[in-house]
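Peer 1: A single structure is presented below for examination.
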Amino acid sequence: SSSAQAVFAQVARWPLCGLARSVSAHALPGAMAPKAMKAHAKPITKGALAQALADELELKKKDVVAILDNLASVATQEVKKAGKVTIPGVCMVKTRTKPATKAGKREMFGKVVVVKAKPAKTIVKAYCVAALKKEF
């Protein structure tokens with residue numbers, strides 16, 4: 001691995017703007033390969049969820065899909081009306097009013113940036129319920 005270090009030292013002396021710093025030891029020959037990421041299971045689709053519920057409750061998949069669609073529309077109406085709805089055992093959906101921002105100059109990451117004025121807007125957020133948190 002000393003040859004890799006010698007190559008890295010040589011690359012570090014290149015007078016390229018920032019490129020030498022962006023070359024890591026992993027990109028060099030003979031260097032250790034980065035650890036492989038864990039394979040994640042794919043999230044369940046609406047159809048698969050409907051099929052799982054249909055099998056569990058001994059209903060037709062078509063009926064379960066209709067229930068899921070109705071759940072979505074009822075939850076949307078409740079969030080618009082009350083600002084908050086809870087799907088028991090899963091999540092709570094809330095709305096929050098984000099205040100308007102004034103136009104002007106702001107310092108971001110050490111640089112002064114001109115920012116446009118933005119109106120107030122309502123944001124929808126979902127939080128998992130405590131029972132779901134305790135599962136993990």
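Peer 1: Name every residue in region 82-112 that is open to solvent by less than 80 Å² (accessible area, probe 1.4 Å), among the hydroxyl-bearing types (S, T, Y) and under 24 Å from the mean Cα position of the chain (by Cα), in order of residue number. Spell out the reasoning first.
Peer 2: First, pick out the residues of region 82-112 that are open to solvent by less than 80 Å² (accessible area, probe 1.4 Å): 82-83, 85-87, 89-95, 100-101, 103-104, 110.
This time we only want the ones that are among the hydroxyl-bearing types (S, T, Y), so: 86, 95, 101.
Correct list: T86, T95.
Peer 1: Out of the residues in region 113-130 that are under 27 Å from T76 (Cα atoms) and in a loop (DSSP other than H, G, I, E, B), state the one that is least open to solvent (accessible area, probe 1.4 Å). Can you show your working first?
Peer 2: Keep residues of region 113-130 that are under 27 Å from T76 (Cα atoms), which gives 118-130.
If we keep only those that are in a loop (DSSP other than H, G, I, E, B) too, we end up with 119-120, 129.
Details: P119: 107, A120: 63, V129: 28 Å².
Per the criteria, the residue is V129.
Peer 1: Taking only pairs six or more apart or across chains, which ones have beta-carbon atoms under 7 Å, a first residue in region 105-125 that is of a type in the set (S, T, N, Q), and a second residue that is open to solvent by less than 100 Å² (accessible area, probe 1.4 Å)?
Peer 2: Close Cβ pairs (under 7 Å, with a partner that is open to solvent by less than 100 Å² (accessible area, probe 1.4 Å)) amount to T122/T95; T122/T97.
Peer 1: Also, I was wondering about something else. Right, K133: open to solvent by 70 Å² or more (accessible area, probe 1.4 Å), within 30 Å of A50 (Cα to Cα) and either assigned to a strand (DSSP E or B) or not small (G, A, S) (or both) or not? Please lay out each step first, then the result.
Peer 2: Details: open to solvent by 70 Å² or more (accessible area, probe 1.4 Å): yes; within 30 Å of A50 (Cα to Cα): yes; either assigned to a strand (DSSP E or B) or not small (G, A, S) (or both): yes.
So K133 passes the test.
Peer 1: Follow-up question, since we're still on this one. Count, please, the residues in region 18-71 that happen to be at pLDDT below 85 and part of a helix (DSSP H, G or I).
Peer 2: Looking only at that region, the number is 7.
Peer 1: As an exercise: evaluate V79 against (1) part of a helix (DSSP H, G or I); (2) exposed (fewer than 11 other Cβ atoms within 10 Å of the Cβ); (3) touching a residue at least 24 places away in the same chain (Cβ under 8 Å) and give the number of the one condition it does not meet.
Peer 2: (2)
The values are calculated or read from the model by the stated rules, or taken from the named source; none is laboratory data. Everything numeric in this text was worked out from a predicted model, so none of it was measured. We place every Cβ from the backbone using ideal geometry, glycine too, and count neighbours over all the protein chains shown. We work out accessible area using only protein heavy atoms, side chains counted, and drop any ligands, DNA or RNA first. Shrake-Rupley method; radii C 1.70, N 1.55, O 1.52, S 1.80 Å.
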